[in-house]
Amino acid sequence: MRLALDAIQEELRRLKSIGVSTVAVSDESVAALRRVLVARAGLAREIVKISPSRPAAPAALASATPKPYEPPPYRVTPMVAAPLNSAATVGLPPVPPCVTLPDGDKRLRWAALRDRVLNDPFSQAQVAVGEKLVFGVGSLDAKILLVGDAPVGAEAVQGEPWVGPAGQLLTKMLQAMGLKRDDVYLVNMMSWRPKAPGSEGSDPLATWAPSAGEIAYSLPFLSAQIEVVDPVVVVALGLTAAQGLLGASTFKAFSDIRGQWQTHAGKPVMVTYHPNYILRHDSNRSKRMIWDDLLKVMARASLVISEKQRGFFTER
């Protein structure tokens, strides 16, 4: 909840910086948020009632508790169910969903989660014509789970993560570790390719950094995939993945956490550069920095490391 509120605040600041002075919120959205606060906290006393026609004023919380219901085989309960095309969602994703996985083996739970993500109404609304939502792929018994930022053009078209130039380089990095793509689990922070605000008519192949709201909305689905796979170690590839898994407010600079062990949902997380870094800075030095981080991952995952591997990308 705190992550979602932080994301909303950051997005509101962004909107203010570009001249937006008001954001309309439907009565249904306010009512839904009120119900969530009552159900989750049970202690809240007031909530600000917002309407497009008058300034915010305190209002007492409704005392009724939402009626319980029988969950389907899997359940994702939206915290705010605002109409996707309403003014309430302009530039501001819905509050992140709460994800509950079904009982059963990994394959059943993964299939249920995949179905839910690929049919999520808000996620579907972000997909451009000719593109698809992108879900994680790989071994459900993987010791290593690698997280990127967001799909790029080729990935959004094919509906599979890590198939563009950075994905091809990542495949080579895995081969240097003695692994194949099928030995690990590959996923992105988000399931859709981000678009720039007001991007109609812009380059359809352009790639933009995800907003804080998009990251916050996508995180529960990513965390659920991590829970299903249950890897020994998670690798955050790049700044966006690090911010999503660790929280943007937990570090000041990427260099402060790169190569250092962190934690997400009880899992050790190694933060390293995105393969795009090598594509932009193709040198033994840049490759060695990432390789040093991957050697730590291999050791944590109890993979055999040869002397030849230890010597990769050393300066000559």
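The values are calculated or read from the model by the stated rules, or taken from the named source; none is laboratory data. Computed from a prediction, not measured in an experiment: that's the story for all the values here. Please note: Cβ atoms are built from the backbone with ideal geometry, for glycine as well, and neighbour counts cover all protein chains shown.
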* Filter the stretch 156-171 down to residues that are out of contact with any strand residue (DSSP E or B) (no Cβ under 9 Å at 6 or more places or on another chain) and of a type outside the set (Gly, Ala, Ser) and give me whichever is surrounded by the most Cβ atoms within 10 Å (Cβ to Cβ). => Val163
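Residue-by-condition table, conditions (1) in contact with a Ser or Thr (Cβ under 9 Å, 6 or more places away or on another chain); (2) on the phi > 0 side of the Ramachandran plot; (3) not aliphatic (A, V, I, L, M):
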{"residue": "Asp141", "(1), (2), (3)": "no, no, yes"}
{"residue": "Ile144", "(1), (2), (3)": "no, no, no"}
{"residue": "Val152", "(1), (2), (3)": "yes, no, no"}
{"residue": "Glu155", "(1), (2), (3)": "no, no, yes"}
{"residue": "Thr171", "(1), (2), (3)": "no, no, yes"}
{"residue": "Leu179", "(1), (2), (3)": "no, no, no"}
{"residue": "Trp192", "(1), (2), (3)": "yes, no, yes"}
* **Enumeration of residues in the stretch 91-113 that are within 17 Å of the chain's Cα centre (by Cα) and surrounded by fewer than 18 Cβ atoms within 10 Å (Cβ to Cβ)** => Cys98, Thr100
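Considering only the stretch 208-316, give the strands (runs of 3 or more DSSP E) lying wholly within it that have at least 1 residues that are in contact with a Lys or Arg (Cβ under 7 Å, 6 or more places away or on another chain).
233-237, 267-272
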* Asked: Conditions: (1) buried (at least 16 other Cβ atoms within 10 Å of the Cβ); (2) at pLDDT 90 or above; (3) assigned to a loop (DSSP other than H, G, I, E, B). Gly178 meets all but one. Number of the miss?
  -> (1)
* Residue within the stretch 238-249 that is more than 19 Å from Leu113 (Cα to Cα), aliphatic (A, V, I, L, M) and more than 17 Å from the chain's Cα centre (by Cα) present -> no
* **Residue list for the stretch 117-148, restricted to those being under 17 Å from Pro220 (Cβ atoms) and either without any contact (Cβ under 8 Å) to a residue 12 or more places away in the chain or assigned to a loop (DSSP other than H, G, I, E, B) (or both)** => Asn119, Asp120, Gln124, Gln126, Leu133, Val134, Phe135, Gly136
